[in-house]
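Student: Attaching a single structure in structure tokens format; questions to follow.
Read-outs throughout are calculated quantities, based only on the coordinates presented, and are distinct from any laboratory measurement. Because the structure is a prediction, the values reported are computed rather than measured. Cβ placement follows ideal geometry from the backbone for every residue including glycine, while neighbour counts extend to all protein chains displayed.
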Amino acid sequence: MTEIRPIKESEAEAFLSLLCKVFELDFNLAYDIFFTEPMFDLNRKWAIIEGQEIVSVLTTTPLEFGWGKAVGIAGVATHPDRRNEGYGRRLIERVLRDSERAGEEAAMLFATDLRLYEALGFEGLDRVVRGPITSLPLEVDLPTYDFAELRARYDAWASEHPDRLRRDDRRWRYWQWNYRDSMAFGDGYLSLENETVREVLNTSLLKKWPVPRGTEWLGTSFMTDQLEVPLGAVNVPMYLMGRNVPGQPQFFMTDQF
């Protein structure tokens, strides 16, 4: 018998095991992250189950923009021995139907291979860019930015345009759960995660940023252009695709799903 449904608690480790196998992750390192991250929800861990075996999986994430609700799709993985049998497509089609019935009529995902998702009605919305930030000659210490002030500033920014991602309390807990230093930057803030910046709000549009040499930016092309991020050479690791998305999504990769 074949089932397509959210997993049960007793199936969570098998779900994670398949993810680790496909994406070549260390199971022991992934275990604590998988079960403790604030967005963890068994009802959003979908699988195709044949008999007692999980053969294909994906995870959905709730998203909310000014124009309404959407679903983010990530971690699409099929057992290596069962690939090219249509499992990924069947799973996504089922998830899309259920999400639409739940009011999440728009869907988004990140992809490196566009063909499968184009056949499911997705289209390219944006591309993701990564590159070294042009930094000031000297490393400087920026003052830390108060989280309450940061949240208020982001929420105000998000409310100014319907295409911008809103963050509820749970998403803000997820934001804080990830390690990052947030510092005052011009009239806004900059969030530094080791050697990567994925979020910054600043209207000063500086041609050089006060970050350590070698720091990289990771963001959508749209946000990169809007912020005039001073980049060196840029590569394109993946694309943002969408289905029934009414506008140009504006969000930071700190909210990557």
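Student: Sort 239-251, 17-29 for me by packing, meaning the mean count of neighbouring Cβ atoms within 10 Å per residue, highest on top.
Tutor: Numbers: 239-251: 19.3, 17-29: 13.5.
Final packing ranking: 239-251, 17-29.
Student: Can you give the helix-only mean residue ellipticity at 222 nm for the chain, where every DSSP H stretch with n ≥ 4 adds -39500 (n - 2.57) and the sum goes over all residues, rounded to the nearest 500 deg cm²/dmol?
Tutor: Helix contribution divided over all residues of the chain: -8000 deg cm²/dmol.
Student: Just the Cα atoms of segment 164-257: what Rg and Dmax do they give in Å?
Tutor: 13.7, 40
Student: Something else about it: Evaluate E = 1/(1 + (r/R0)^6) for residue 101 and residue 166, where r is the Cβ-Cβ distance and R0 equals 30 Å; express this FRET efficiency to the nearest 0.05.
Tutor: The pair residue 101/residue 166 has a calculated efficiency of 0.85.
Student: Roughly speaking, what is the centre-to-centre gap between segment 49-102 and segment 181-205 when only Cα atoms are used, to the nearest Å?
Tutor: Cα centres, segment 49-102 to segment 181-205: 33 Å.
Student: Which three semi-axes in whole Å describe the equivalent ellipsoid of the chain, each the square root of 5 times a Cα gyration tensor eigenvalue, listed largest first? Before the final figure, lay out the partial values.
Tutor: Details: eigenvalues 232, 76, 65 Å².
Over the Cα atoms of the chain, the semi-axes work out to 34, 20, 18 Å.
Student: Sorting check: for 99-105, 127-133, which peptide has the highest mean count of neighbouring beta carbons within 10 Å, and how do the rest follow?
Tutor: The most tightly packed comes first, giving 127-133, 99-105.
Student: For 161, 79, what ranking results if the residue with the fewest other Cβ atoms within 10 Å of its Cβ goes first? It would help to have the intermediate numbers written out before the result.
Tutor: On the way: 161 13, 79 18.
Ascending Cβ contact count within 10 Å gives the list 161, 79.
Student: Using the basic label-point model (7 angstrom from Cα toward the beta carbon), what is the residue 94 to residue 204 distance in nanometres?
Tutor: 5.2
Student: Could you tell me which of 49, 202, 230 has its Cα farthest along the dipole of the chain towards the positive end, charges placed at Cβ (Lys, Arg +1; Asp, Glu -1), taken about the Cα centre?
Tutor: 49
Student: Okay, next question. Arranged by the count of other C-beta atoms within 10 angstrom, fewest first, what order do 81, 181 take?
Tutor: With the sparsest Cβ surroundings first, the list reads 81, 181.
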